[in-house]
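J.: Let me begin by handing over the structure; questions about it come next.
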Amino acid sequence: MIQFLSDDLWNTIKSVSKRSKRTKAAVAYFGKGAADQLSLKKGDTLLVAMSLSNVSSGQVSPDDIQKLYDKGVSIYNLGNLHAKVYLFDNTAIIGSANVSNHSANYLLEGAVLTNEKKVLRDVDRFISDHCNERVDQDYIELCKSYYNPPKYPERQQRKLSRNTAEQLSPLWVISIHPLEFDKDDEVEIKKKLGKYEKKRSHNPRFELSQLRYSSTHRFIRNVRAGDILIQIFRHGTRTQVLAPTRALGVEVNSKKRRAYVWIEDRKQTQKRSWTDFEKYLRRNTVTGITMLSTRKIKDESMKKVLLRGF
């Protein structure tokens, strides 16, 4: 069966969504009020373009993402996603509609509804293949600090970038080792503590941490808030690889020529030994990463492998 939907699109989406036992959706924008439009529940999946630029322009609402996260919905970020694909059990709806009140109330949308098995399999595979960058509480909190409500209908439409090279968030692999923070470090950290307390999730499983670098280090010049960090932690003869975390921001003390990357770490960080991680890289034909690596990963396929390694 293939059916075209237009005027009745959102009534159909809401109806099918409520009846669905399993929902997977890949939708670029998830605006204010979206959590009430789509009946997502624990175990469902949402792939969304939750980049900081989309959040700051009001295209994605962190508060609505929070509601789904609290329900137990699995949420993933893909910055250059522009698809609007919904899979409800044995029904797929593919069209133009983002999940937003603006779409439901002001825009003329169009979509195709189908239950053809091959299409269902292809849609399922499309969504699953792109669910690599999981949205956690710390990233939701960071997004809340960037969010600006959209201004309809006066707002200028954002031009879509033709550069599709950056799909997932920027990802760094960084080599670190223990450093003793002195009194100057403590003073600088205390100055900025209030700022980053506002950005943190306040989840008891997380805590604020800082990584210290030289202010002239290449990594410091290029890392940005929202970037994902995989730390290769070297301590004596022991080396471990820590699960991905996000940079909340960077503070530079030019006088002391020091810089601090603020992150929100899990108190019980998932780790892999370097030996185990190196075997994982070889199995997935990833080259160019060593215990001493500090580099930005630009290859999207490599990003996927690294993010799935924990």
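J.: If the only charges are +1 at each Lys and Arg Cβ and -1 at each Asp and Glu Cβ, what is the size of the charge dipole of the chain around the Cα centre, to the nearest 20 debye?
T.: 700
J.: Here's something else I'd like to know. Using a 7 Å offset from the Cα along the Cα-to-Cβ direction at both TRP274 and HIS177, what is the distance between the two label points in nm, to one decimal?
T.: Here the modelled spin labels are 1.0 nm apart.
J.: A further question follows. Write out the trypsin sites (Lys or Arg not before Pro) in region 1-94 meeting two conditions: DSSP loop, and at most 10 other Cβ atoms within 10 Å of their Cβ.
T.: Passing sites in region 1-94 are LYS21, LYS42.
J.: Another question about this same structure. So for the chain, taking the charge dipole from beta-carbon charges (+1 Lys/Arg, -1 Asp/Glu), which of TYR76, PRO150, GLY236 sits furthest toward the positive end?
T.: So the residue furthest toward the plus end is GLY236.
J.: Rounded to the nearest 5, what is the percent of antiparallel bridges among the DSSP beta bridges in the chain?
T.: 75
J.: Would you please give the residues with an amide H less than 5 Å from that of PHE30, counting only those at least 5 places away or on a separate chain, with H modeled from the backbone geometry?
T.: VAL60, SER61
J.: What are the ³J(HN,Hα) couplings of region 238-254, residue after residue, when phi is run through the Karplus curve with 6.51, -1.76, 1.60 and θ = phi - 60°? Round to Hz, x for glycine and proline.
T.: Result, rounded to whole Hz: 9, 10, 10, 10, 8, 4, x, 9, 10, 6, 8, x, 10, 10, 10, 10, 5.
J.: How much length, in nm to one decimal, is gained on full extension between ASN90 and LYS255, taken as 0.36 nm per residue of separation minus their Cα-Cα distance?
T.: 53.2 nm
J.: Using only the Cα atoms of region 173-310, each taken as one equal point scatterer with no solvent, compute I(q) by the Debye sum, divide by I(0), and report log10 of the ratio at q = 0.16, 0.17 Å⁻¹.
T.: -0.89, -1.00
J.: Sticking with this one: How much length would be gained if the chain were fully extended between GLU186 and SER293, taking 0.36 nm per residue of separation minus their Cα-Cα distance, in nm to one decimal?
T.: In short, 35.8 nm is gained.
J.: Can you give the Rg to Rh ratio of region 2-146, both from alpha-carbon atoms, with Rh computed by the Kirkwood formula?
T.: 0.94
J.: When Lys and Arg each count +1 and Asp and Glu each count -1, what net charge do the other residues less than 15 Å away from SER128, Cβ to Cβ, add up to?
T.: +2
J.: At a Förster distance of 35 Å, what's the computed FRET efficiency of LYS14 paired with HIS202, Cβ-Cβ distance as r, to 0.05?
T.: 0.60
Every number in this text was worked out from the coordinates using simple rules, so none of it is lab data. From a predicted model like this one, the values you see are computed outputs, not experimental measurements. No Cβ is skipped: glycine too gets one built from the backbone with ideal geometry, and neighbour counts run over all protein chains shown.
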